[in-house]
Amino acid sequence: MHLRGIAQRGFSLVELMVAMLIGLFVLGGGLAVFLGGHQSFRTNEGAARLQENARMGFEVFSRDLRQAGGNACGTSRVASALNNPGTHWGTDWSAGPIQGVAASVASPTGAQATGTAAAARVSGTPAVILRHASDDGNALTIEFSNSSHHLQVTKGSDHGLEQGDIVMACSPSHAIIFQKTNNNTNQQIQRGTGNNVSPGNCSNRGFDYVAPPNCPTTGDASQLAGGYLVRVGAAFWYVGHNGRGGRSLYRQGLIGPGTNTERVEMVEGVHDMRLSYLVEGQSAYLNADHATFAANAALWQQVVAIRVELDMVSQEQVGVTATGQQQALQRTVRFTVRLRNAGGER
């Protein structure tokens, strides 16, 4: 049975095009919302990561800064029995527990040099040397000894020191830095002059404090009885290339016997830093290349605080400029650290 007189027709071409246009508008609006939300998520994630890196930078850097100059006895009178202690940044205590390296100055002997390779110091950025001799919960008590070239310590064979370790023996009056030259496992920590370690000691005897504080040759170990023996530590903080197209904050520290060092990437995304120092009795913070330090290097021993500025840059292009172009996020972190073991308070 057929129905007659009923018109049968579909959508016209114009109607289809209008419907498609409306659909495209809806789809475009939804896509714009999605892309905007995705961009906002990436920006917030990048900002959160940058903030976390900034917090980490403050935590790890300020911890080393506060520790500078610390030793188990709290003395500031430190002499060295090492051969040519000034030839390595980690063992030269004559400059004090903290020593700034200006942006235009080459890295000191043994410290990471400038370059373009991964972990190399970025040219034109400052650095700082921090020295300490903390016990890390493993200080050895020095007992009486009649010998002129060794110390008697507690803990017997479990003293944990190795041949070639650079150590500090201290009392409330003064401290001596030397290299452990024997490999025995008894309670005697010897200070010899053998060729089996480097840099070695200038003399195998003498535990007095002398001025200038290099190579004491008088006084036996009995004057240090009741004091402590600990490893010497040092850290060289700098901005380096991280090998991933960006920059990071690095720490080069003494590790193992002798003057062996290890470089560790501490904080990603640190593009640059600025360091300034407060000398005891002054009110203005000075850069490492200031004429005040150039005229009197001994002032480094009177630095009591350091001001740090870290320029942080995100590794990815997650920010947006006013013209809609993507760019890296940038933040500057500023903090000031009072040194616990510096100036007249040491």
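Values for this structure:
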item: Counted residues, the range 140-151 - those being open to solvent by less than 70 Å² (accessible area, probe 1.4 Å) and modelled with pLDDT under 80; result: 5
item: Number of positions in the range 166-179 that are surrounded by 17 or more Cβ atoms within 10 Å (Cβ to Cβ) and either at pLDDT below 85 or assigned to a loop (DSSP other than H, G, I, E, B) (or both); result: 2
item: Matching residues, the range 273-297, being touching a residue at least 60 places away in the same chain (Cβ under 8 Å) and open to solvent by 40 Å² or more (accessible area, probe 1.4 Å); result: Arg274, Glu280, Asn287, Asp289, Ala297
item: Top-ranked residue of the range 199-227 - restricted to ones that are surrounded by fewer than 19 Cβ atoms within 10 Å (Cβ to Cβ) and outside any loop (DSSP other than H, G, I, E, B), ranked as modelled with the highest pLDDT; result: Asn214
item: The lone exception for Ile255 - which of (1) within 16 Å of the chain's Cα centre (by Cα); (2) touching a residue at least 24 places away in the same chain (Cβ under 8 Å); (3) open to solvent by 60 Å² or more (accessible area, probe 1.4 Å) it fails; result: (2)
item: Index of the failed condition, Val60 passing every other in (1) aliphatic (A, V, I, L, M); (2) closer than 24 Å to Val337 by Cα; (3) in contact with a Gly (Cβ under 9 Å, 6 or more places away or on another chain); (4) open to solvent by less than 30 Å² (accessible area, probe 1.4 Å); result: (3)
item: Residue within the range 80-92 that is small (Gly, Ala, Ser), part of a loop (DSSP other than H, G, I, E, B) and at positive phi present; result: no
item: Filtered residue count, the range 74-102, keeping only those that are among the hydrophobic types (A, V, I, L, M, F, W, C), under 22 Å from Ser203 (Cβ atoms) and modelled with pLDDT of 85 or more; result: 4
item: Members of the range 303-326 that are open to solvent by 60 Å² or more (accessible area, probe 1.4 Å) and at pLDDT 85 or above; result: Arg307
item: In the range 121-138, residue nearest to Arg263 (Cα to Cα) [restricted to those that are modelled with pLDDT under 80 and not acidic (Asp, Glu)]; result: Ser134
item: Leading residue by the ranking (farthest from Trp300 (Cα to Cα)) among those in the range 84-140 that are touching a helix residue (DSSP H, G or I) at 6+ places or on another chain (Cβ under 6 Å) and among the β-branched types (Val, Ile, Thr); result: Thr109
item: Residue match in the range 50-69 (condition: at pLDDT below 85, assigned to a helix (DSSP H, G or I) and among the hydroxyl-bearing types (Ser, Thr, Tyr)); result: no
item: Single unsatisfied condition, Trp300 versus (1) within 23 Å of Ala175 (Cβ to Cβ); (2) in contact with a helix residue (DSSP H, G or I) (Cβ under 7 Å, 6 or more places away or on another chain); (3) at pLDDT 85 or above; (4) open to solvent by 40 Å² or more (accessible area, probe 1.4 Å); result: (4)
item: Residues of the range 121-130 satisfying the condition of being in a loop (DSSP other than H, G, I, E, B) and either open to solvent by less than 10 Å² (accessible area, probe 1.4 Å) or free of Cβ contacts under 8 Å to residues at least 60 places away in the same chain (or both); result: Val122, Ser123, Gly124, Thr125
item: Selection status of Asn182, surrounded by fewer than 16 Cβ atoms within 10 Å (Cβ to Cβ), modelled with pLDDT under 85 and not hydrophobic (A, V, I, L, M, F, W, C); result: no
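The values are calculated or read from the model by the stated rules, or taken from the named source; none is laboratory data. Keep in mind it's a predicted model, so treat the numbers as computed, not measured. Methodologically, a virtual Cβ is constructed for each residue, glycine included, from the backbone with ideal geometry; neighbour enumeration extends over all protein chains shown. Side chains included, ligands, DNA and RNA excluded: accessible areas come from the protein's heavy atoms. Shrake-Rupley method; radii C 1.70, N 1.55, O 1.52, S 1.80 Å.
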